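K.L.:
Here it is, the structure in full.
Laboratory data are not the source of any read-out in this text; all were calculated from the coordinates shown. Bear in mind the structure is a predicted one, so any value in this text is a computation, not a measurement. Backbone-built Cβ (ideal geometry, glycine too); neighbour counts: all protein chains shown.
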Amino acid sequence: MQILVAEPEYFSAVLPRLMGLGEVVHYNIDKSIGTAEILVIRSRTKIDKSLLDKATNLKVIATATTGLDHIDVEECGKRGIKILDAAGANAEAVAEFTAGLMISLARKMHYAHTSASKGEWKREDFVQNGLGGKALGLIGFGRIGRLVCKIAKAFGMNVLAYDPYVEEKLISDNGAMPLSLEQLLGRGDFVSVHCNLGEDTRNLIDERRIRMMKPSAFLINTSRGGIIDEYALLKALKEKRIAGAALDVFEEEPLRNQELIKYARENANLVITPHIAGLTKEAVDNAAEIICKKLEDELGIK
Ligand code: NAD
């Protein structure tokens, strides 16, 4: 049984165990996809129809991620290729990072660092608003949304949540206020996106909905690119219709939107990071462990 580990740097903790399951190869994916029966990946490897056409022996794709938007799931289904995921493995890491982005946006920490490391001492430029008492609107109240809620409550924030697939009672039991999307956008001092990317959430936060936000509000996305319309966001930032934004995920990754990069370079109110919210050492190893265990179960190995 050939196991192709396409992003081996993330699976070092379980490599010996994977080797016990079969012949592990980690060459260029194009070179080995024809012979591999199991493909082990994270989100960098895009599984589309053209790759699947070459994967004539493939039986299982094991992806150490929560989202499956890098995989053509429907096409895998047609070909009887099973998908194993590691949903939730990095939820804590993403929630912590989201909290970090909120603080960075509110207090301009990143900008203060740049300024101080140039030898400046402009304390008067950094008198900013804090988080306590502010309203945080969460779009999506799943694993990560709920963890962000818990952290935000510890900061003394009032948490609002919109999730059409979660019972309102679960939202209120977690200490948040269930609201419609429109109400949440109108009231949030911070709005943070934590839903999955699907046909119903693509461009969910478009120009019309950004216009519903307060001019003093910050928008954060650590979920998936494509849920926020990047061009509408950039326009809103330039027209000062919202106070700032932080993005860890983008429509196209690696990020190529030059306008967005340029704006972030020249302005303190847009923080961009290269899809790292879920990348703590603990979360990477946890995801690899989950994938390895699922593969062992799949192959009937105790
Ligand atoms: P989850 O499935 O536990 O929660 C997602 C929630 O979104 C669900 O409760 C669902 O009901 C809700 N939802 C679906 N459609 C919605 C809509 N139209 N409006 C509002 N809510 C809607 O997923 P999770 O583990 O909490 O992950 C959340 C997101 O974070 C996913 O998109 C995932 O891919 C992403 N993620 C990003 C990173 C990163 O490194 N940046 C890492 C892990 C996960």
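K.L.:
So Thr201 ticks every box in (1) more than 23 Å from Ile103 (Cβ to Cβ); (2) surrounded by fewer than 16 Cβ atoms within 10 Å (Cβ to Cβ); (3) near the ligand (Cβ under 10 Å from one of its atoms); (4) within 21 Å of the chain's Cα centre (by Cα) but one. Which box is left unticked?
P.N.:
The failed condition is (2).
K.L.:
If you go through region 204-218 one residue at a time, do you hit one that is part of a loop (DSSP other than H, G, I, E, B), within 20 Å of the chain's Cα centre (by Cα) and farther than 15 Å from Lys134 by Cβ?
P.N.:
yes
K.L.:
Would you check which residues across region 153-167 are more than 21 Å from Arg209 (Cβ to Cβ) and surrounded by 11 or more Cβ atoms within 10 Å (Cβ to Cβ) and list them?
P.N.:
Restricting attention to region 153-167, the residues satisfying the condition of being more than 21 Å from Arg209 (Cβ to Cβ) are 153-157, 167.
Those that are more than 21 Å from Arg209 (Cβ to Cβ) and surrounded by 11 or more Cβ atoms within 10 Å (Cβ to Cβ): Lys153, Phe155, Gly156, Met157, Glu167.
K.L.:
Quick one: count up the residues across region 179-194 that are away from the ligand (no atom under 11 Å from the Cβ) and either out of contact with any strand residue (DSSP E or B) (no Cβ under 6 Å at 6 or more places or on another chain) or on the phi > 0 side of the Ramachandran plot (or both).
P.N.:
Here the count works out to 4.
K.L.:
Next up: Taking only region 207-248 into account, find how many residues are more than 13 Å from the ligand (Cβ to nearest atom) and in contact with a helix residue (DSSP H, G or I) (Cβ under 9 Å, 6 or more places away or on another chain).
P.N.:
Of the residues in that region, 25 qualify.
K.L.:
Now for a separate question. Looking at Ala277, is it within 16 Å of the ligand (Cβ to nearest atom), within 30 Å of Gly22 (Cβ to Cβ) and of a type in the set (Gly, Ala, Ser)?
P.N.:
Values: within 16 Å of the ligand (Cβ to nearest atom): yes; within 30 Å of Gly22 (Cβ to Cβ): no; of a type in the set (Gly, Ala, Ser): yes.
Judged against the criteria, Ala277 is not a match.
K.L.:
Follow-up. Going through region 132-173 one residue at a time, which ones are more than 9 Å from the ligand (Cβ to nearest atom), in contact with a strand residue (DSSP E or B) (Cβ under 8 Å, 6 or more places away or on another chain) and in a loop (DSSP other than H, G, I, E, B)?
P.N.:
Those that are more than 9 Å from the ligand (Cβ to nearest atom), in contact with a strand residue (DSSP E or B) (Cβ under 8 Å, 6 or more places away or on another chain) and in a loop (DSSP other than H, G, I, E, B): Gly133, Lys134, Met157.
K.L.:
Looking at Thr66, Thr35, can you tell me which residue is in contact (Cβ under 8 Å) with a residue 12 or more places away in the chain, in contact with a Lys or Arg (Cβ under 9 Å, 6 or more places away or on another chain) and among the polar types (S, T, N, Q)? Spell out how you get there, then give the answer.
P.N.:
On the way: Thr35 fails: in contact with a Lys or Arg (Cβ under 9 Å, 6 or more places away or on another chain).
Selected residue: Thr66, the only one of Thr66, Thr35 that is in contact (Cβ under 8 Å) with a residue 12 or more places away in the chain, in contact with a Lys or Arg (Cβ under 9 Å, 6 or more places away or on another chain) and among the polar types (S, T, N, Q).
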